[in-house]
Amino acid sequence: MPLLHSLSIRWRLALLTGGLTFLVLCGFALVIGQLTASRIRSDFNNEMAAAVDDLRDQLQLDYDSGDIVVGNSIATYAAPNHAVIRVLKADSGTIIAETRHAPNFGLPGIAVNRTDTVNGYRVETRNTTLKIVNPPRGATFPPIPVTVQYAREISDVEATVSRVRLFLLLGVLGGSGIALALGLMLSRRALAPIARLTQTARDIGATRDPSRRVPIPGTEDEVAVLAQTLDEMLQALESSRAETEALLVRQRQFVADASHELRTPLTSVLANLELLCEVLEGERGEAARSALRSTQRMRRLVGDLLLLARADADRDVPHEPTDLAAVVIDAAAELQPVAVDHLLGVETSGAAMVDGARDELHRMALNLLQNAVQHTPPGTLVTAAVRRDGDHVTLTVSDDGPGIPPELRESAFERFVRGEGDRGGSVGLGLSIVRAVARTHGGDVVLESPPTGGARFVVTLPSLARSGEAPDGPVAPLAVRRPAGSAAR
């Protein structure tokens, strides 16, 4: 049955039609074959009985020649049916006449009108008397009692039966084949509306466009009901999708507007808290510094949300030619004061120009470096490398730390995902912003697991070559920070 389940409905219907036709024709052939074989054998037996009776009535003895006469001769009588004939004396079994190559069917003395099978022949035996023809004038002779044996080979009739059975078998196979072909043709035609529905569903799945309509057949059968139901479902999905998209647009607009509006009051609060931290001392000063740290974190979160909201809404920030290598160096310099317990290095091979927004690229590089610092133990080497390779610029940030756990690799770039080793108090938007910035700049970011351990993030962006730009050349690491007392690696 697994093979049957793997077939299409069209082939299953055709095979079912052909199989049922085969069974019906087999039953028909068995009945017809049996009746025909019985009729052929019965006709054979009746023909033999009639032939031997006619032969018995025509037998005569020619006095002048001493030959048995049946019309012309017994050979002529036997030829049309390929029969053999023997005429024996009833008392002694002496052969009076026989056809050529007639086998021995036994001695006379058997019962009158007996039918028997001998050596593959069906033998009909009759007792009669020979009449004398052409006797001398005035002479009379008594009739001579004889036994007439008329035989035909059974193989002749069985060959006819076999031919009939062969014809019936060919008819069964031919009828089944025709039924299979017609079943394929009819099922294809019957399933054509379903094939059109399937193709339309595939197109909708490929284009993700539920506004397309399903072709509805002009019939009133189950296929038309199915098509109508699918069309109504697509209309409902289209309406639901439109409502969802409108809701998401309103939500993105709200997040973008709220984030934008929050930046001004947060800047004012930060300025006031910085002033309070300078003038207050003791517990009040500590409280002001704690509030300042929380507000700074809130400002970063608001900035992240604003950036993600712009990316979701496909809002383009003005782009200009930007040296990604310089951006990475600035980001490393900004992170350097808080990464005193890590080894931080930057490697470039000359200018790496891209068409982008410097602030967003700075946020992307800073997030990658900060992510490596926050999730690795002290003493870990964090390296940022910028390379230009033909039409692309790559930024690779790698570390030799413990790496990202396997359960987080698939969701590392999702929003609000945080690792267990997060020591920086992040909210899990750093890598989401990296991916959003990379994609809004026509590139992407991937996570790799080097065979030597650690984690490696590779950002690929389209390259923007400057006119008159000098060819690339190796440049030594621009920034390396080692903790006090650590050995150089």
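Each value in this text was obtained by applying a stated rule to the coordinates, not by laboratory testing. Note that the coordinates shown come from a computational prediction; the quantities given were computed from them, not determined experimentally. All Cβ positions, glycine included, derive from the backbone under ideal geometry; neighbour counts span all protein chains shown.
Before moving on, here are some points about what is shown:
- Label-point separation in nm, ALA236 to HIS82, each point 7 Å along Cα→Cβ: 7.7 nm
- Sorting LEU324, LEU266 by the number of Cβ atoms found within 10 Å of their own Cβ, with the fewest placed first, yields LEU266, LEU324.
- Ranked list, fewest to most other Cβ atoms within 10 Å of each Cβ, for PHE44, PHE457, PHE28: PHE28, PHE44, PHE457
- Working note: Karplus 6.51/-1.76/1.60 with θ = phi - 60° gives the range 198-215 the couplings 4, 5, 5, 5, 5, 4, 5, x, 6, 8, 6, 10, x, 6, 5, 9, 8, x Hz, where Gly and Pro are set to x.
- J(HN,Hα) series, the range 118-124, from Karplus relation 6.51 cos²θ - 1.76 cosθ + 1.60, nearest Hz, glycine and proline x: 9, 6, x, 10, 9, 10, 10
- For the range 354-366, 3J(HN,Hα) per residue [Karplus equation, 6.51 cos²θ - 1.76 cosθ + 1.60, θ = phi - 60°, Hz, x = Gly/Pro]: 9, 9, x, 8, 4, 4, 5, 5, 4, 4, 5, 5, 4
- Amide H contacts for ILE96 (H built 1.01 Å from N in the peptide plane; partners 5 or more residues away or on another chain; cut-off under 5 Å): VAL87, LEU88, LYS89.
- Long-range amide H partners of VAL393 with built H, under 5 Å: LEU461, SER463
- HIS342 long-range amide H proximity, modeled H, under 5 Å: GLY379
- Order of LEU166, LEU292 - criterion: other Cβ atoms within 10 Å of each residue's Cβ, fewest first: LEU166, LEU292
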